[in-house]
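Working notes, beginning with the structure itself.
Derivation of every value follows stated rules applied to the coordinates shown; laboratory data play no part. Quick caveat: nothing in here was measured; it's all calculated off a predicted structure. Neighbour counts are summed over all protein chains in view; Cβ atoms, including those assigned to glycine, are modelled from backbone coordinates with ideal geometry.
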């Protein structure tokens, strides 16, 4: 029986933006803000496009404007960018304090940022501890996945 194969590759455009603040820690935190903030803004843009297309398909027009969508993109980008910036700074700080570069820095940085976000969200007690554990777990998993590739 004849066979056929399909072979191909997919590559993403790469944009290198370098912001040099003169301090390695500051450079990394700014880089984290820009990368994750951009991803969050792109996620909102995709959601907004989907909702607009869905409304148009149904014959209705959404009540919010393009200005509202841009505002939401900026808000989400700034929020997630700030969280990433704090995490990257915390993880880098842990590396400098401990003098080691391993998964424990991600765990500690993620736990501190998870607890901080929880406290800022006006959570108390066990919820703060639970969010610290989640933050540490997510950061550690991301570190392991990043090292695997």
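First check a/c for segment 102-143, with a ≥ b ≥ c the square roots of the eigenvalues of its C-alpha gyration tensor; if it is under 1.5, answer rounded, and if not, answer prolate when a/b is larger than b/c or oblate otherwise.
prolate
From the Cα gyration tensor of segment 22-100, with a ≥ b ≥ c the square roots of its eigenvalues, which class applies: rounded if a/c is under 1.5, or else prolate if a/b is larger than b/c, or else oblate?
Verdict is prolate for segment 22-100.
For residue 54 and residue 122, compute 0.36 nm times the residue count separating them, minus their Cα-Cα distance, and round to one decimal in nm. Display every interim value, and only then the final one.
Values: separation 68, 0.36 × 68 = 24.48 nm, distance 3.56 nm.
Net length gain for the segment: 20.9 nm.
For the chain, what does the helix formula give at 222 nm: sum of -39500 (n - 2.57) over DSSP H segments with n ≥ 4, over the residue count, nearest 500 deg cm²/dmol? Provide the component values of the computation, followed by the final result.
Working: 4 runs with 109 residues, N = 149.
Helix contribution divided over all residues of the chain: -26000 deg cm²/dmol.
What FRET efficiency comes out for residue 66 versus residue 25 if R0 is 30 angstrom and r is the Cβ-Cβ distance? Round to the nearest 0.05.
With a Förster radius of 30 Å, E is 0.20.
Given an 8 Å cut-off on Cα distances and at least 6 residues of separation, report the relative contact order of segment 88-142 as a percent.
So the answer I get is 38 percent.
Which of rounded, prolate or oblate describes the chain when judged by the alpha-carbon gyration tensor and an a/c cut-off of 1.5?
In terms of gyration-tensor shape, oblate.
Pairs of Cα atoms under 8 Å, at least six residues apart: use those to get the relative contact order of segment 22-100, whole percent. Before the final figure, lay out each step's value.
Values: 62 pairs, mean separation 42.7, N = 79.
Value for segment 22-100: 54 percent.
Restricting to Cα pairs below 8 Å that are 6+ residues apart, what does the relative contact order work out to for the chain? Please round to a whole percent.
21
Please find the FRET efficiency linking residue 45 to residue 133, where r is the Cβ-Cβ separation and R0 is fixed at 22 Å, and quote it to the nearest 0.05.
For R0 = 22 Å, the calculated efficiency reads 0.10.
Could you work out how far helix 126-148 tilts from the main Cα principal axis of the chain, as a 0 to 90 degree angle to the nearest 10?
Around 80 degrees separate the two axes.
What angle do you read, to the nearest 10 degrees and between 0 and 90, between the alpha-carbon axis of helix 103-120 and the longest principal axis of the chain?
On a 0 to 90 degree scale, this one is about 70.
How tilted is helix 24-58 with respect to the longest principal axis of the chain? Cα atoms for both, answer in degrees (0 to 90, nearest 10).
It is inclined by approximately 30 degrees.
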